[in-house]
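Okay, so here's the structure we're looking at.
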Amino acid sequence: MSFLCLASMASAEEFKVGLPIQCELEKDCYIQSLPDLLETEDTADSFCQGATYDGHKGVDIRLLSLEDIKRNVPVIAPATGTVKAVRDGVKDILMTTPQDRQRVKGKECGNGVVIEHDNGYETQLCHLKQGSIAVQKGIRVNKGDTLGFVGTSGASEFPHVHLSIRKDGQWFDPVSGKKPGSTCNVTSNAETLFDADTIAYFSENTSRLIASGVSGSVIEHKQLVIKGAPKQASIGDEAIVGWAWFINLRKGDRIKFLLEGPNGIISEITTDPLERKKASYSAFSGKRRTVEAGEYKLNTELLRKNKVIAQSLHVHIVE
C-alpha cells in the first residue's frame with residue numbers, strides 16, 4: 001500500500017510542458033534560440049552548442065517575417081495552471097537600434113502571460129501581439145488553451161514566442177532540465193521539462209534552411225524579416241538569382257548553390273567558410289540576364305566539414 005502511495009506521489013509531482021505555439025515546426029515556424037546555460041561571459045545552449053546569446057533565459061520559436069503575424073498564429077498554454085500576470089498594450093516593433101532597446105527597457109518581455117503551475121513552477125510567454133491577449137489574471141487555463149497571438153512586442157528582433165520556466169523563483173532550461181551554472185556538461189535530455197512529443201523536436205543541430213527561391217533581383221537580408229520571401233522571377237526581369245535564408249549557422253559553414261535554367265546551368269558556387277556563427281544569414285548566387293520562360297531549379301546545400309547539414313530543391317516555373 002505504501003509503495004503505491006509513493007509511486008502516485010512521484011507521478012503527481014512530475015511537471016512537463018508542451019510547445020507554447022500552435023504551428024508546424026520545420027514548416028511554418030522554427031526553433032531559433034535556446035537558453036544560455038552559462039552564468040559567465042561565455043555562452044552555451046541546451047546542448048553546449050551556440051544557438052543562444054549571453055543571458056538568454058528561454059526558448060524562442062519564430063515565424064519568418066512580419067507578414068506572418070498577420071495570420072494570428074496562436075500562443076498556447078504549455079501546461080495547465082492559473083494565470084498569475086498579464087501585460088498587453090506594448091507596440092509590435094522590430095528592435096533594430098539602441099534607441100529601440102531603450103524604449104522597451106523594463107518591458108523587454110513585451111506583451112506576455114505568466115502562468116502558475118503546481119509544485120512551485122511558473123511559465124512565462126513573451127512578445128505576444130498587441131491587443132491579442134485572451135486571458136485575465138486569476139483564470140484557470142488548460143494545456144493548449146489560446147493565450148494570444150505571436151507578435152514582436154518588447155525586445156524582439158523577429159516575430160516569435162519566448163518561453164521561460166521558473167521553479168521557486170529559479171529559472172531552468174526546459175530542454176535539458178538544468179539550471180544555469182559556470183560550466184556546461186549536458187549529456188542527455190533525461191531531465192527535460194518538455195513532454196515526449198515536444199522534446200523530439202529538439203536536437204544538437206539547430207541549423208536550418210528556412211526559405212529559398214529564385215528571384216529576379218538581388219535580395220536584401222534586412223528585408224526578409226520584414227517582408228518575407230522576395231518576389232519570384234518573372235519574364236523580363238533583368239537577373240536570375242537563387243537565394244537561401246538560414247538560421248543558427250556555425251563558424252566554418254559553407255553554402256553550395258546550383259542554379260539551372262531552361263538552357264542549362266546558370267550558376268554553381270560554394271561560398272567561403274563563415275568567419276563566425278550567424279543567428280540569421282542569407283546568401284545568393286546568379287547572373288545578370290533577362291529572364292525567359294521555362295523551368296528554373298535551385299539546389300541549395302548547407303555544408304559543415306564537407307557534410308550536408310541541410311538541403312532544399314526549389315523549382316520555379318516562369319510562364
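Values quoted throughout were computed directly from the atomic coordinates according to the rules given, and no laboratory measurement underlies them. Worth saying up front: this structure is predicted, and the values here are computed from it rather than measured. Neighbour counts are summed over all protein chains in view; Cβ atoms, including those assigned to glycine, are modelled from backbone coordinates with ideal geometry.
Cut-off is 10 Å between beta-carbons; in what order do Thr96, Thr300, Thr43 appear when sorted fewest neighbours first?
Working: Thr96 11, Thr300 24, Thr43 19.
With the sparsest Cβ surroundings first, the list reads Thr96, Thr43, Thr300.
Taking loop as defined by DSSP and a crowding limit of 15 other beta carbons within 10 Å, which chymotrypsin sites (Phe, Trp or Tyr not before Pro) in segment 32-132 fit? When the chymotrypsin sites (Phe, Trp or Tyr not before Pro) of segment 32-132 are filtered for loop state and at most 15 Cβ neighbours within 10 Å, Tyr53 remain.
Annotation: extensible slack from Glu41 through Glu157 equals 39.6 nm (criterion: 0.36 nm per residue apart, minus Cα-Cα distance).
Along each principal axis, taking the top coordinate minus the bottom one, the Cα set of segment 151-203 gives 34, 27, 21 Å in descending order.
How much FRET efficiency would the formula 1/(1 + (r/R0)^6) give for Thr80 and Asn306, where r is the Cβ-Cβ distance and R0 is 35 Å, rounded to 0.05? Could the numbers behind the result be given before it?
Working: r = 47 Å, r/R0 = 1.35.
So, using R0 = 35 Å, E works out to roughly 0.15.
Segment 83-104 and segment 106-135 have Cα centres separated by 13 Å.
On a C-alpha basis, how far is the centre of segment 254-296 from the centre of segment 18-46 in Å? Whole number, if you could? With segment 254-296 and segment 18-46 each reduced to a Cα centre, they are spaced 29 Å. Considering only Glu122, Glu108, Glu275, the mean-square fluctuation computed in a Gaussian network model of the chain, springs between alpha carbons under 10 angstrom, is largest for Glu275.
Between segment 224-248 and segment 164-187, the C-alpha centres lie 39 angstrom from each other.
Within a straight-line Cα-Cα reach of under 18 Å, Lys91 can be paired with the following lysines, leaving aside sequence neighbours fewer than 8 residues apart in one chain: Lys70, Lys105, Lys107, Lys129. Treating each Cα of the chain as an identical point scatterer and summing with the Debye formula, the log10 of I(q)/I(0) at q = 0.13, 0.16 Å⁻¹ comes to -0.98, -1.31. Think of each Lys and Arg Cβ as +1 and each Asp and Glu Cβ as -1; about the Cα centre, that makes the dipole of the chain roughly 560 debye.
What order do you get for Val113, Val90 when you list them from fewest to most C-beta neighbours inside 10 Å? Show your work: numbers first, answer last.
On the way: Val113 27, Val90 23.
Fewest-to-most ranking of Val113, Val90: Val90, Val113.
With respect to the chain, whose longest principal axis is taken over its alpha-carbon atoms, helix 2-13 is tilted by about 50°.
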